[in-house]
Every structure is written in C-alpha cells, then in structure tokens.
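Chemist: Quick one: the structure is below, and I'll ask about it shortly.
None of the figures in this text is laboratory data; all of them are computed from the coordinates on show. Note that the coordinates shown come from a computational prediction; the quantities given were computed from them, not determined experimentally. We place every Cβ from the backbone using ideal geometry, glycine too, and count neighbours over all the protein chains shown.
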Amino acid sequence: MFLVQYTADNTRTLNVDSAAMTLPVSDPTAWATAMNNLGMAPLGIAGQPILPDFDPALGMMTGIPPITPMMPGLGIVPPPIPPDMPVVKEIIHCKSCTLFPPNPNLPPPATRERPPGCKTVFVGGLPENGTEQIIVEVFEQCGEIIAIRKSKKNFCHIRFAEEFMVDKALYLSGYRIRLGSSTDKKDTGRLHVDFAQARDDLYEWECKQRMLAREERHRRRMEEERLRPPSPPPVVHYSDHECSIVAEKLKDDSKFSEAVQTLLTWIERGEVNRRSANHFYSMIQSANSHIRRLVNEKVAHEKEMEEAKEKFKQALSGILIQFEQIVAVYHSASKQKAWDHFTKAQRKNISVWCKQAEEIRNIHNDELMGIRREEEMEMSDDEIEETTETKETEESALVTQAEALKEENDSLRWQLDAYRNEVELLKQEQGKAQREDDPNKEQQLKLLQQALQGMQQHLLQVQEEYKKKEAELDKIKDDKFQVEKMLENLQDQESCGSKLCASSQESDVPLEKTLVGTPVKSEREALLVGIISTFLHVHPFGASIEYICSYLHRLDSKICTSDVECLMTRLGHTFRQEMTGVGASLEKRWKFCGFEGLKLT
C-alpha cells in the first residue's frame, strides 16, 4: 500500500505496505503505478513493458512523480515543498478496503473551527457494513489511536494521542471507501472527516495551559530574583565586643553609615538597659560629633561652589568682551568707508555673521545678568526675601484693579453731581416759571415734573451701581492696605536710624503749638495742604473733591472727604471752588490759587 502521510513538521511521507505488492498481474495499470512509484520500469513477468508511454530515460510514468533518495521517509531531509503546489491524492489500498481519491477539481471539503487542543475527529459517511476493525485499519496509519466511539448511524469519533495526527486524518476527508471488491451500496461510502469537540481534549489543553502559565510565572519570579538587588547583611547581636567595634566605626567617616545603621537597629531592638546605657550614650555622642564634620564638609563644598561660580562668571565676562570686540569689527566693516569695497556675497555673509554674533552675545549677557541678580537676591535680608516677586505681582494686580475701580467710581460720581446740578437748575427754572404769568404754566410744570421723575429714577440706578462698585473698592482697599502696611513696616525698619537722628536735631517745641492761630491746626493738615497744592498745581483746570480724595486715599486710606473739604474751605487764599460746565456737565471743581493769594497778602 502507498499512503501519503503528514508528519509533525508538515512533510509528506510515502508508506509502502507489503499488502500493496500482492496486486494481481491481470491489472496492468495498478501494477505499472506501483512499479513506477518504486522507481522501476513497469515490466511484466516476461520482462516486456506493460505501458507504452513509459519514459525509461526519466525512470517514471508521465504525470506521476517517482520515488527519489531525497524523498521524505528515506532518512534524508527533503527539499521544501511550495505551499501553492497542489497535492495529488492517490488510491490507498488497505487489507480489507480500498480508498479512492476525490475529484481534484472539486473544492476541498469544509471543516468547522478547530477547538483548542483538539485530538478527536468526527468521521462520517462510513459504509453500513463497516466495522471498528476496518476503521482502525484505515486510521491507524495517521497515528496512535486511543479510543473509538462508533455509532449505528454510519459515523464515529476517533481520539488520537497527539494533535498533529488530526491533520493526517483530515487528509482522508472526501475519499470514497469500498470494502473488498464489492460494489454493493452497503459496502461503499464517502468519508467526511472533521474536527470534533471533546471534554477530554479541552481538559488536557487547559491543564497544559495552566502548566505553561506556572512555568512562565516561575520563570518571571526567577528573573525578578536574579535582578533584585542583594539584601543588606544582617545586623549582628549586641555584645560588649561588637559595641566597641561599632564605637570605633562611628569615628571613621568611611564606615559611619554602616555603624549608624547598626546602632539604630540595636536601639529599636531594645538592647538599651541600665548596664549598657553608658555605652549607648557614648555611641550617640560620637554620632552627634559627626554633625560638626558634616557641617564643615558642607561649608567646604559651598566654598568650592562659590569659587566655581566666580570662575564661571569671570570666564563668561571674558567671553562677552571678546564678543563685543567681534561685533565691533562687524560694525566697523559695515561702515561706508569699507563696505563699498566688498562684493555682494561678502556683504551678505558679513551681515549674517554680525546678526548671529549679536544674538549669541545677548544670550550670554542675559545669562550673566541672571547670575548677578541671583547673587543680589542671596545677599538680601530675610525680610526682603519674604516680599519677593510673588508679592510684587499681587500688589501690582491689586493696584491696577483699584485704579480701574476708582476711575469708574469717579466717573459715576461726576455723573451724579451733574444730575444733581440739573435737578437744581430745573428747580430754579420751575420757581421762575411760577413767579411769571405764563398762560402755559401748568403744561410746563407737568413737563418739568416728568423730567424730574426720570432724572430721579436714573439717579437711583446710578446710586445702586455706585454702592456696588464702592463695596468692591473697599474690599480691594483692605487688601491693598494690608500690603502697604507690610511695606511700611519694612520701610520703617530701614529708615529707623535716619528718623532717630532727625528727631534728635528737632526742637522740643511741637509743631502744633507754632501753628496756633492759623487755619492749619496740625502737622498732618500742613502735609495735606502741601500734597493737595502739588496735585492741583499739575491740574490747572481744577479737580473735583472726589478726585482729590481718591488720590489721597492711595497715601492714607483713613482720610475723610469731609475733613479735606473743610480744610480747603478754611484756606480761601490757597484753594478756590468754581462751577464749570453747562447743564448736565455742570461740576464743582477746586483750583489752586496760592500764587494769587501770595500777591494779595
């Protein structure tokens, strides 16, 4: 029998059974096929050629590949078979049956999805007279059979020992089987081999997967243990001898870390008692003395760092000087006296070089300035360090918000004053109209009343908006006042010495006594008069009392508007109040008239 089989590495082998050699001589075609597959010329018993189309030079019959020494199964590695090469199925002769190959033009038989770890196949299309012995005879050539479960409905399940044997069994799918030489319908059938799902196969596959997972976990654990750093050596138990060794190690800088760890472990273990307390105290004292060595070492490192910084700064300064010289060369070459003698390409290169040199110089200059700023910040006091850039940014943000709100508040106050002036003018006009005998007096009064009502409603809206803005402004003022207090404390501490010197030179007579009998009653009012005079001097067209107080609030948030207005009213030769504008733009403004008052006095 000649049977094409697939081994575990998917190579085809040809098995020759001795049963196949017991062919009747009366069948010349079968005999010639067998002789040709053995590589021999198909001769009869008399030595005459059986088939006329045999080519003796090729040693094979046309269309049938011969057996060569390189074929699988002969102990020599065969050449690789192309995957697109069609496999020619041949007749398979068994002892009790014959298998005929399917039509090669038909599509391959369909199969179900392969279950994991499949070792069982389903075989359908068996002859009705087929026995378990015939099934074993046909499929034992694919591999070792463990179990066969045959049904009465012409199918069975076969379980092999290995998974690759299932692929060999699938090769027989589509073959027509005939028992002996009978052509009876009960002795023929068409085999259909397919994957079968069995609990035993699934269980074995799951066990194998679990075993592989265990091996993988073990391999990873071994790898982690190999890469894990070594454990620290165990700490010895306390004894007088070990204590003396640790005490000596504490005095050595190279062995200090190891000795401190041992000392810590002993203390945590509870080795300290009355007998060993003095020894532990001496070791702790040695550890404390090591702090001085660490501080000295830190100072030495800081000194080295400062020297390195100074050296770097000097080197950077030298580099910047050379950059300046190079840039000066480029600038002198760019002057008209030398520039005209260069070609266009040379001028372009000089311009590019000059630009690059200036950029590099600026970068190095910024770096040097940054180093100097860092040094200045390090030399400053701790209190100045507390009010650093973050507080400056917060203060600037608060000041900008306060200024915006103050401007909005001033505009609203000016509008409110304008509306009040309009109401006063309307009242005056209404009084004049009542005194005059006008025939349309009642109509004019109605119009004036309507206008007054509209103005009053608008005034109420403006007042509500003003109250909201004033509340926001008060909140901002409180935040700003806290920041200013912090700055004032710093300034007071800086100017404490100068103030003490100035106060010692001043007379003991207070300024308030010298100002008795004058409109200015205190030093504070004198300072206010000077500040207001300076403010109004730069505002030749005057300013409202609200505008003046908003400026004064930046200096002192406790200043009251009514007090400022009373002070300015008392000083009639220095400040003068005037009404400016017409109608809705009517406004009361204060002006500085100190120079005119000086001439009059």
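Chemist: Provide the net charge surrounding C566, with neighbours chosen by a C-beta distance below 12 Å and charges set as Lys +1, Arg +1, Asp -1, Glu -1.
Modeler: Working: positive: K521, R570; negative: E525, D563, E565.
Result for the local shell: -1.
Chemist: List every residue whose amide H lies under 5 Å from the amide H of G174, counting only residues 5 or more places away in sequence or on a different chain, with H placed 1.01 Å from N in the peptide plane.
Modeler: Amide H neighbours of G174: L191, H192, V193.
Chemist: Which net charge results for the neighbourhood of F342, defined as the other residues with beta-carbon distances under 13 angstrom from its beta-carbon, given Lys and Arg at +1 and Asp and Glu at -1?
Modeler: Numbers: positive: K335, K337, K344, R347, K348; negative: D340.
Combined, the nearby Lys, Arg, Asp and Glu give +4.
Chemist: Let me check I have the definition right: for the stretch 79-178, take the eigenvalues of the Cα gyration tensor, multiply each by 5, take square roots. What are those semi-axes in whole Å, largest first?
Modeler: Computed over the stretch 79-178, the values are 22, 18, 14 Å.
Chemist: Do the alpha carbons of any pairs in K152/K208; K251/K298; K89/K152; K467/K591 sit beyond 25 Å of each other, and which pairs?
Modeler: Check vs 25 Å cut-off fails for K152/K208; K89/K152; K467/K591.
Chemist: Order the peptides 297-309, 534-546 from the highest to the lowest mean number of other Cβ atoms within 10 Å of their residues. Spell out each step's value before the answer.
Modeler: Details: 297-309: 10.4, 534-546: 14.9.
For the peptides 297-309, 534-546, the packing ranking is 534-546, 297-309.
Chemist: To one decimal place, what orientation-averaged projected area in nm² is obtained for the convex hull of the Cα set of the stretch 141-291?
Modeler: 18.6 nm²
Chemist: Going highest first, how would you order 223-229, 197-203 by mean Cβ packing within 10 Å?
Modeler: 197-203, 223-229
Chemist: What net charge is computed for the residues neighbouring K303, neighbours being all others with C-beta under 14 Å from the C-beta of K303, Lys and Arg scored +1, Asp and Glu -1?
Modeler: Neighbour charge sum, excluding K303 itself: -3.
Chemist: Could you give me the ³J(HN,Hα) list for the stretch 352-358, computed from phi with Karplus coefficients 6.51, -1.76, 1.60 and θ = phi - 60°, whole Hz, x at Gly and Pro?
Modeler: 5, 4, 5, 5, 5, 4, 5
Chemist: So what are the ³J(HN,Hα) numbers for the stretch 126-135, from phi and the Karplus equation (6.51, -1.76, 1.60; θ = phi - 60°), rounded to whole Hz, Gly and Pro as x?
Modeler: Values per residue, Gly and Pro as x: 6, x, 5, 8, x, 10, 5, 5, 5, 4 Hz.
Chemist: Skipping prolines and chain starts, which residues have an amide H placed within reach, meaning under 5 Å, of the one on S544, given they are 5 or more residues away or on another chain?
Modeler: It is W590, by chain and number.
Chemist: For K485, which lysines qualify as cross-link partners when the Cα separation must be under 17 Å and same-chain residues fewer than eight apart are set aside?
Modeler: K391, K475, K477, K558
Chemist: Moving on. Just to be sure I follow: if Rg is taken over the C-alpha atoms of the stretch 229-376 and Rh is the Kirkwood radius over the same atoms, what is Rg/Rh? Before the final figure, lay out each step's value.
Modeler: Details: Rg = 31.7 Å, Rh = 21.5 Å.
With Rh from the inverse mean 1/r over Cα pairs, Rg/Rh is 1.47.
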